[in-house]
Structure formats: structure tokens, C-alpha cells
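Asker: Below is a structure I'd like to ask you about.
The values are calculated or read from the model by the stated rules, or taken from the named source; none is laboratory data. Because the structure is a prediction, the values reported are computed rather than measured. A quick note on method: Cβ atoms are made from the backbone with ideal geometry, for glycine too, and the neighbour counts reach across all protein chains shown. All accessible areas refer to the heavy atoms of the entire protein, side chains included, with ligands and DNA or RNA removed. Shrake-Rupley method; radii C 1.70, N 1.55, O 1.52, S 1.80 Å.
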Amino acid sequence: MQITGMQINLIEQPFAVPYKLSKSYGTLTHTRAVIVQLETDTGLIGLGEANPTPPFTDETPAGVMSALSEYIWPAIHCQDPRQINMLMGRLDLILTGNLTAKGAIDMALHDLAGKSADIPCHQLMGGRLRDKIKVLWPLSSGSADDDRIVLDAKISQGFGAFMLKMGTQTIPQEIDRLNTLYTHYVDAPDIIVDANQGWSRSEALAFVDAAAHLPLTLIEQPVQAGDMAGLTRVHDAAKQPVSADEALQSMASAKALLLQDAVDVFSIKVSKNGGIAASRRIAEMADAFRVQCLMNSMLEFGITQAASLQLGAVLPNLMDTGHAYMSTLRLAGDVTDFSDLVRDGYAHVPDRPGLGITLNQHNLLEYTVRHDRLSN
């Protein structure tokens, strides 16, 4: 089997409800992604997705399109897509960084390898450890009254874990918000707070001190990604687990975090971390240090979500909480049928070959703002 063509679609979709993050990111109304279709001489097509999200990533959608056509395509055309390690190693040699672009190719190669063997990707990785995973629901930065409206609705739908975005209000306001929620919900759901780098070191330390009495499931990326010393201080001071998200990109950053004992949890994002194989290596390294993993998302469409679900199904060090498999439910529309896998607060791991999802060509065309096609 050989790769004979590659289609690249830059797509855009609005959120069903605008998403208010920290002061580092503001309020988001749309998300963009680059969809890759790798064509083969057997007629099989592999699906991949890149999720460049400036300033969260160094990559931009235009940069991903350029990297795919100018550097990646010449390195993979006429090659056997089942040789994943060889091809991804080649891309690492010719292209520094560009993790989301390379991650899209990694997903497409895994999809093709699974389809060619007529097995799901989780079987390529040794088989799943679980057939469904709890799903979290994210809440915009806001008030406890705003939160309760969302929590009541989502709890009734089966969700039991929630990620509260923080970083736009004062620390006392955020503590009041949490106290109000924990007082209202006697059987409190899992609550993760995510500052998205929105706090200074002193603000983060003030938060963990004031929140010491609260049963938070996780505190995610409280300080700037480059502030390793600050993250370590927050981790040492916190009574609850602390995770790295923006600070966790490559294997090198994973190693640095682990050697510094800076966090308890890695926030894995398959696109951010360079694809399924690279994300799995990071998760395995974390497991050796008894660090758990949260499967998170980057405002994704269904291809990246499917890749993340396949990986989450096989990880032994997955956190026992909800994970971010709700991304497509928050969009006005998706290019896949991934949303069908999310039911009653769980993402159900598919047994269909490859990534286990189907591309909706009509939606792909409708959402496309730029299209490139490359062939032998």
C-alpha cells in the first residue's frame, strides 16, 4: 500500500455558545482546524486533524497548511502508511517543532494502519483497558449562578465532572464561586479548575492557600507555561493535584516537568503533543513517574477527538475522572459522527476499523475556507 494523494482542508465553525477563557485567551467564538485526508492506491483514506490555536500553540492554520504541502508531503508520498515509526521519524528529522501538523499525519497513518488490518487503533496499541470513559463538561469563566444553570442541565444528562475556567476574576471571587457551588451541591461532582496561565505566581499561591479546604479534583496550569519554578511552588503548596497543560508540549518538556516533580498530572492533547504515538510516549514516561493523565482537548473537531479516545482507552494511568471528549458537542456542527459516541456522560470506544469515525464530506465542504490537493 502506498500514499498517492493528500487533501488538506482548512475549516472553521462557531461555538454553539461563546467560550470565555482566562485573560490570556479572552472569549472565543469560533474554532479552526486543518483536516487531512491521506489517499492510497488501495482506495483506503486516512483521516487526520491539526488544531493550531495561537497563542496556545506556536503554529497557525496557515503555517500548518504550508508545512503539510511544502515539507511533509514530499517526505511521505509513495510511502507505505503502515510504517508509522519510520515516517514520523523522517518528519522529525526534516521539520523541527510543528507538532500539530505532524500530529495530523500521525492520526491519518494510524487510521490507515487500522483500516488496512480491519481493526480499531486501540488494538494496534495492544488493546483497550476500558470500553467507555467518563466525559467532563467545561464552563466559561463566570459566576456561580452562571455555573449552576449549566451544571443542573448537564448533571441531568449524566455528566459528573466539570472544568471551570478561571483567570478573569479576582482570587476571592473565584473562591466564593467554588464555596457557593460546593454548598449548593451536597453530592458534589468532580470539579477541575483551569486558569489557562491566567494567574501570576502570587495569585496562584493565594488560590491554593484559600482553596485548601475544597475537594477539587485538579488545578490545571495555574501559571505561565514558562514558569517552571512557579509551577513547582504551586504544586508543593497545593493540597489538591496540579496539572501541566500549556507547559507540556514535547517529550523534552515532559521530561523537564517530571525531573522537577512539578506536577501530579499531565494534560494530554493529541494534537498539541504531536499525534497518537508521541502522546503515548509522553503518557508512558509519566506512568514511570506515577504521574496520571487527563485526556484534554483543543476546541477540536471529531477526528482529533477520536484519536484521543483511542489513546485514552489504552492508558493505564488515566485519571479516574471525566475527560474532554465533549468538544464536538459544543460546536455548531462537526465533520464527523464522533458525537454519536458520547452518551449519558460517557464516550464509548468504537470497534470500527482505524479511528472508528466517518467523515461527513458535505459538512467538510460547507465548513472549508481553503482547500489544497496534492498527488503523485
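Asker: Within the stretch 178-204, take every residue that is surrounded by fewer than 22 Cβ atoms within 10 Å (Cβ to Cβ) and touching a helix residue (DSSP H, G or I) at 6+ places or on another chain (Cβ under 6 Å) and give me the one that is farthest from Ile268 (Cα to Cα).
Answerer: Among those that are surrounded by fewer than 22 Cβ atoms within 10 Å (Cβ to Cβ) and touching a helix residue (DSSP H, G or I) at 6+ places or on another chain (Cβ under 6 Å), it is Thr180.
Residues are listed down the side, and each one gets a yes or a no for (1) touching a Phe, Trp or Tyr at 6+ places or on another chain (Cβ under 7 Å); (2) closer than 26 Å to Ile11 by Cα; (3) buried (at least 18 other Cβ atoms within 10 Å of the Cβ); (4) not polar (S, T, N, Q):
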position	(1), (2), (3), (4)
Gln249	no, yes, yes, no
Lys255	no, no, no, yes
Gly274	no, yes, yes, yes
Arg290	no, no, no, yes
Leu315	no, no, yes, yes
Met319	no, no, yes, yes
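Asker: Could you give every pair whose Cβ atoms fall below 9 Å, whose first residue belongs to the stretch 100-113 and is under 14 Å from Ser279 (Cβ atoms) and of a type in the set (S, T, N, Q), and whose second residue is assigned to a helix (DSSP H, G or I) and open to solvent by less than 10 Å² (accessible area, probe 1.4 Å), counting only separations of at least 6 or pairs across chains?
Answerer: As it stands, the answer is Thr100/Val64, since those pairs meet every condition given.
Asker: Pick from Gly97, Gly142, Gly103, Gly126: which is modelled with pLDDT under 95 and within 30 Å of Gly160 (Cβ to Cβ)?
Answerer: Working: Gly97 fails: within 30 Å of Gly160 (Cβ to Cβ); Gly103 fails: modelled with pLDDT under 95; Gly126 fails: modelled with pLDDT under 95.
Only one candidate qualifies: Gly142.
Asker: In the stretch 58-78, what residues are outside any helix (DSSP H, G or I) and in contact with a helix residue (DSSP H, G or I) (Cβ under 6 Å, 6 or more places away or on another chain)?
Answerer: Matches in the stretch 58-78: Glu59 only.
Asker: So which strands (runs of 3 or more DSSP E) stay within the stretch 200-279 end to end and still have 3 or more residues that are within 22 Å of Ile175 (Cα to Cα)?
Answerer: Output list reads 218-220, 242-244.
Asker: Quick check on my filter: what residues within the stretch 274-295 are within 18 Å of Asp106 (Cα to Cα) and among the polar types (S, T, N, Q)?
Answerer: The answer is Ser279, and nothing else.
Asker: Continuing with the same structure: Within the stretch 169-197, which residues are in contact with a Leu (Cβ under 8 Å, 6 or more places away or on another chain), of a type outside the set (A, V, I, L, M) and under 17 Å from Glu220 (Cβ atoms)?
Answerer: Arg177, Pro189, Asp190, Asp194, Asn196, listed by residue number.
Asker: Let me ask something additional. Considering (1) within 19 Å of Leu38 (Cα to Cα); (2) open to solvent by less than 30 Å² (accessible area, probe 1.4 Å); (3) assigned to a helix (DSSP H, G or I); (4) out of contact with any Lys or Arg (no Cβ under 9 Å at 6 or more places or on another chain), say which one Leu309 fails and leave the rest.
Answerer: Result: Leu309 fails condition (1) only.
Asker: Does Val150 count as crowded, with 17+ Cβ neighbours inside 10 Å, of a type in the set (Val, Ile, Thr) and either touching a Lys or Arg at 6+ places or on another chain (Cβ under 7 Å) or not in a helix (DSSP H, G or I) (or both)?
Answerer: Details: crowded, with 17+ Cβ neighbours inside 10 Å: yes; of a type in the set (Val, Ile, Thr): yes; either touching a Lys or Arg at 6+ places or on another chain (Cβ under 7 Å) or not in a helix (DSSP H, G or I) (or both): no.
Considered against the rule, which asks whether it is crowded, with 17+ Cβ neighbours inside 10 Å, of a type in the set (Val, Ile, Thr) and either touching a Lys or Arg at 6+ places or on another chain (Cβ under 7 Å) or not in a helix (DSSP H, G or I) (or both), Val150 comes out as no.
Asker: Still on this structure: Go through (1) of a type in the set (A, V, I, L, M); (2) at pLDDT 95 or above; (3) closer than 30 Å to Ala332 by Cβ; (4) surrounded by fewer than 24 Cβ atoms within 10 Å (Cβ to Cβ) one by one and return the number of the condition Leu299 breaks.
Answerer: (2)
Asker: Under 9 Å between Cβ atoms, at least 6 apart or on separate chains: pull out the pairs that start in the stretch 77-96 with a residue that is under 23 Å from Glu59 (Cβ atoms) and end on any residue that is aromatic (Phe, Trp, Tyr) and open to solvent by 30 Å² or more (accessible area, probe 1.4 Å).
Answerer: Leu91/Tyr71; Ile94/Tyr71; Leu95/Tyr71
Asker: Exactly one condition in (1) within 25 Å of Tyr325 (Cα to Cα); (2) out of contact with any Ser or Thr (no Cβ under 6 Å at 6 or more places or on another chain) is false for His184; which is it?
Answerer: Unmet for His184, out of (1) within 25 Å of Tyr325 (Cα to Cα); (2) out of contact with any Ser or Thr (no Cβ under 6 Å at 6 or more places or on another chain): (1).
Asker: Still on this structure, I have one more. For the stretch 72-120, give me each residue that is touching a strand residue (DSSP E or B) at 6+ places or on another chain (Cβ under 6 Å) and open to solvent by 10 Å² or more (accessible area, probe 1.4 Å).
Answerer: Matches in the stretch 72-120: Trp73, His77, Gln79, Lys115.
Asker: Right, next: How many residues does the stretch 312-333 contain that are in contact (Cβ under 8 Å) with a residue 60 or more places away in the chain, polar (S, T, N, Q) and out of contact with any strand residue (DSSP E or B) (no Cβ under 6 Å at 6 or more places or on another chain)?
Answerer: Selection size over the stretch 312-333: 0.
Asker: What's the total number of residues in the stretch 114-137 that are part of a strand (DSSP E or B) and out of contact with any Gly (no Cβ under 8 Å at 6 or more places or on another chain)?
Answerer: Number of matching residues: 1.
Asker: Please enumerate the residues belonging to the stretch 105-122 that are among the hydrophobic types (A, V, I, L, M, F, W, C) and farther than 10 Å from Gly46 by Cβ.
Answerer: Matches in the stretch 105-122: Ala117, Ile119, Cys121.
Asker: Next question, about the same structure. Name, by its number, the condition in (1) more than 20 Å from Gly322 (Cβ to Cβ); (2) under 25 Å from the mean Cα position of the chain (by Cα) that does not hold for Ile175.
Answerer: (2)
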